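The values are calculated or read from the model by the stated rules, or taken from the named source; none is laboratory data. Quick caveat, the model's predicted, so the values are computed rather than measured. Neighbour counts run over all protein chains shown; Cβ positions are idealised from the backbone, glycine included. When the accessible area is computed, the model is the full protein with side chains, heavy atoms only, and any ligands, DNA or RNA have been set aside. Shrake-Rupley method; radii C 1.70, N 1.55, O 1.52, S 1.80 Å.
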Amino acid sequence: MTAVIEARNLSRWYGNVLGISEVTLDIEPGITALLGPNGAGKSTFMKIVTGQLKPNIGQVRIFGQKVWNNREIFWRLGFCPEVDSFYEGLNGLEFLTGLLVLYGFSPAEVQERAWRALELVELKEVARRPIKSYSRGMRQRIKIAQALAHDPEVLILDEPLNGLDPLSKRKVIRLIKELKNAGKTIVVSSHVLPEVEAMTSEIVLIHQGKILARGDLHFIRELLDQHPHMIRIKSPHYRELARKLAAEDYVLSITFEPENSAVTFETHQRDWFFERLNQLVLESDCRIEEITSPDDNLQAVFDYLVGK
């Protein structure tokens with residue numbers, strides 16, 4: 001698949017403070033998540049991609065075109081910034097229509113697109129209320145609406161779930177997935193790793209301005225061979241399973257949870273472990289209710305990579 005966004009050797013610093021360093025990255029259609037703690041370089045990368053910052057070194061292209069100082073590419077981009085910046089006296093509808101006029105749409109189309117965007121983020125009922133009266137969640141949703149209103153092909157969303165209640169988060173995640181299914185290229189940044197897992201498994205882990213890893217979450221976890229895998233099994237026969245597996249040399253440790261009828265195994269040979277587990281289940285009456293991997297998630301993978 002052809003990359004939509006091509007970043008080559010991007011570096012940007014602020015005086016003596018490093019923003020990003022030697023970032024080379026291709027982003028294809030779909031949802032790509034930039035993950036890392038605050039200050040990792042996510043926002044700096046997004047501002048360079050959207051033409052707001054010029055890199056000190058390197059270059060970024062979208063659809064093969066240079067981004068910096070190229071206004072022709074901007075109508076194909078939608079950007080939701082992390083930080084609020086509103087004309088507080090405007091209402092939500094005025095805010096959107098004012099921005100859409102700048103794209104050159106006709107008056108009728110401006111109104112149609114504004115109301116459609118408000119509907120997507122469920123703000124139609126408060127469209128004529130001043131933005132200064134909006135709650136934090138409403139302000140976040142109107143930012144998302146302005147990024148979508150002109151129907152761009154590429155969406156850059158910097159911490160789009162900030163300030164949203166759990167229900168609104170689920171709705172925004174569903175909206176982002178729908179946009180992906182419509183063929184959009186979406187880059188989402190976040191430092192809340194479980195929320196990103198609900199959106200996509202295509203991740204870019206950033207720490208101190210550098211890319212630590214990129215790809216499918218579970219593939220990245222498989223590459224971390226030096227870190228043992230944690231496998232949690234819930235079963236009414238958890239003690240029997242533990243007794244039979246304890247003798248295997250690839251089982252490094254066993255932790256019991258009597259209150260949950262569960263046991264967690266630590267192993268550096270996951271395939272061998274599951275092969276033996278299958279044998280035990282077939283040979284005995286052991287019944288397994290649930291198998292999970294507590295460390296096969298973004299938080300654990302990120303902690304491994306940064307050496308926590």
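What the table below lists for this structure:
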quantity	calculated
Candidates Ile31, Ile231, Ile211, ranked by Gaussian network fluctuation over the chain, Cα under 10 Å, top entry	Ile231
Per-q log10 I(q)/I(0), the range 57-159, q = 0.10, 0.22 Å⁻¹ (Debye; single scatterer per alpha-carbon; no solvent)	-0.29, -1.16
Distance violations [Cα-Cα > 29 Å] among Lys54/Lys124; Lys66/Lys180; Lys132/Lys180; Lys171/Lys234; Lys42/Lys234	Lys54/Lys124; Lys132/Lys180; Lys171/Lys234; Lys42/Lys234
Length-normalised contact order of the chain in % [C-alpha pairs under 8 Å, at least 6 apart]	19
In Å², nearest 10: area of Asp271 left accessible to a 1.4 Å probe	120
Highest-MSF residue in the chain out of Asn69, Asn16, Asn38 [GNM, Cα springs under 10 Å]	Asn16
With Cα atoms, 0 to 90° folded angle of helix 166-181 axis to the chain main axis	80
Unit Cα scatterers, Debye sum, the range 100-186: log10 I(q)/I(0) for q = 0.16, 0.18, 0.19, 0.20 Å⁻¹	-0.64, -0.82, -0.91, -1.00
Listed residues Leu102, Leu120, Leu179 arranged by accessible area, highest first, probe 1.4 Å	Leu102, Leu120, Leu179
Residue (of Leu164, Val187, Leu175) at the positive-pole extreme of the range 87-196, dipole from beta-carbon charges	Leu164
Fraction of the pair-distance distribution of the range 1-103 above 16 Å, Cα-Cα pairs, percent	64
Between helix 136-148 and the chain: long-axis angle, C-alpha atoms, 0 to 90°, nearest 10	70
Sequence-distant aspartates and glutamates (8 or more away, or on other chains) whose Cα lies within less than 16 Å of Lys143	Glu82, Asp84, Glu88, Glu94, Glu119, Glu122, Asp151, Asp158, Glu159, Asp165
In degrees, nearest ten, helix 92-102 long axis to first principal axis of the chain (Cα)	70
Cα principal axis extents for the chain, largest first, Å	73, 46, 36
Among Val83, Val23, Val154, residue whose mean-square fluctuation peaks in a GNM of the chain (springs only between Cα atoms under 10 Å)	Val83
Cβ-placed point charges (K, R +1; D, E -1), dipole of the chain about Cα centre in debye, nearest 20	1300
Largest-first ordering by accessible area, 1.4 Å probe, given options His268, His150	His268, His150
